[in-house]
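Some notes on the structure that comes next.
The values are calculated or read from the model by the stated rules, or taken from the named source; none is laboratory data. Remember, predicted model here, so these are calculated numbers, not experimental data. Using ideal geometry, Cβ is built from the backbone for each residue, glycine included, and neighbour counts are taken over all protein chains shown.
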Amino acid sequence: MKKRSKRLQTIVDIKANQEQKALEILGNSQRQHNEMKRQVDGLTVYRSDYVDKCNAFARNGVQVSRLIEFRSFIDKLDVAIAGQERILNHMEQDVHSKRRMWEHSHHSTQTIQKVRESALKVEQKHENKREQSEQDEHASRLGRKKLTGYAA
């Protein structure tokens, strides 16, 4: 029969593998979130630049129809930015959820690792006692042989 620490090591390995997978999933989620954040920031900067351009045209005098086109495009940008920000918020919640999953997995791995280490200490203690007992038995036999050898 396998020692308890060996059986627990199998569980530790499984938990560590699950933890690694959770960490990879978290990393992917964070990368996607960061990419979306860059896109939203880029769109926001583009909108700001476009508003500045529109204002510059307006100061120099421009037809009302052209101003309406500018305003319509800015409104479309606002809708696009709002939609991207909603997606970004959902992605942020997803990152938090996956972080909690990884933390749970990490805690579970650490817990079973501590149980394994405890079992290893108990096994080592028993092994040390067994060895000491064998040594005591061996010393006792030697002592008896010497006594019987002297008596003869």
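Can residue 68 be described as modelled with pLDDT of 95 or more, assigned to a helix (DSSP H, G or I) and out of contact with any strand residue (DSSP E or B) (no Cβ under 9 Å at 6 or more places or on another chain)? Criteria not met by residue 68.
Only one of the numbered conditions (1) surrounded by fewer than 16 Cβ atoms within 10 Å (Cβ to Cβ); (2) in a helix (DSSP H, G or I) is not met by residue 15, and that is (1).
Of the residues making up segment 59-84, those that are touching a residue at least 12 places away in the same chain (Cβ under 8 Å) and either in contact with an Asp or Glu (Cβ under 7 Å, 6 or more places away or on another chain) or more than 22 Å from residue 39 (Cβ to Cβ) (or both) are 67, 70, 71. Looking only at segment 32-63, residues that are farther than 12 Å from residue 85 by Cα, of a type in the set (A, V, I, L, M) and in a helix (DSSP H, G or I) come to 4 in all. Among the residues of segment 50-81, those that are of a type in the set (A, V, I, L, M) and surrounded by 11 or more Cβ atoms within 10 Å (Cβ to Cβ) comprise 51, 58, 62, 67, 74, 77, 80, 81.
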